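The next block holds one structure in the form of structure tokens; read it before the comments.
The values are calculated or read from the model by the stated rules, or taken from the named source; none is laboratory data. Since this is a predicted model, take the numbers as computed values, not measurements. Glycine gets a Cβ as well: all are built from the backbone with ideal geometry, and neighbour counts include every protein chain shown.
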Amino acid sequence: MSQTDLSRRQVFKMAGALAAIPVLAVCGSAHAATNAAMRNALKYQDTPNGDKHCASCIQFVPGAKPTDKGGCNAIPGDTEISPNGFCGAWVQKK
Ligand code: SF4
């Protein structure tokens, strides 16, 4: 392997890495994501438990509007948490 071959490989590697960045950025913002493992672990449901629901939970990260789905600090990477949902980690927001 010559020095030139190594340089070409490094250039192609860097170009590939740089090309992937916009795709990941677009995918990250354009697509909803769920964290099935954490949902299952916490027994998440899309419906409230009596008067307990995600919108009244300290862990909830609201969406743009009060009725929009949002995130949850206890379920990382999940953008599909319903404000009317509930799970075993619910804690009353003060
Ligand atoms: S911890 Fe559970 S109840 Fe609280 S916001 Fe997250 S998913 Fe909803």
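Rundown of residues vs (1) in a loop (DSSP other than H, G, I, E, B); (2) within 8 Å of the ligand (Cβ to nearest atom); (3) hydrophobic (A, V, I, L, M, F, W, C); (4) free of Cβ contacts under 8 Å to residues at least 24 places away in the same chain, yes/no style:
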| site | (1), (2), (3), (4) |
| --- | --- |
| Ala37 | no, no, yes, yes |
| Lys65 | yes, no, no, yes |
| Pro76 | yes, no, no, no |
| Thr79 | yes, no, no, no |
| Asn84 | yes, no, no, no |
| Ala89 | yes, yes, yes, no |
| Lys94 | yes, no, no, no |
If Gln59 satisfies all but one of (1) farther than 22 Å from Ala37 by Cα; (2) near the ligand (Cβ under 7 Å from one of its atoms), what's the number of the condition it fails? (1)
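Yes/no per residue for (1) aliphatic (A, V, I, L, M); (2) more than 14 Å from the chain's Cα centre (by Cα):
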position	(1), (2)
His53	no, yes
Ser56	no, yes
Val61	yes, no
Ala64	yes, yes
Thr67	no, yes
Thr79	no, no
Ala89	yes, yes
Taking the criterion of being within 12 Å of the ligand (Cβ to nearest atom) and modelled with pLDDT of 95 or more, would at least one residue in the stretch 17-33 satisfy it? no
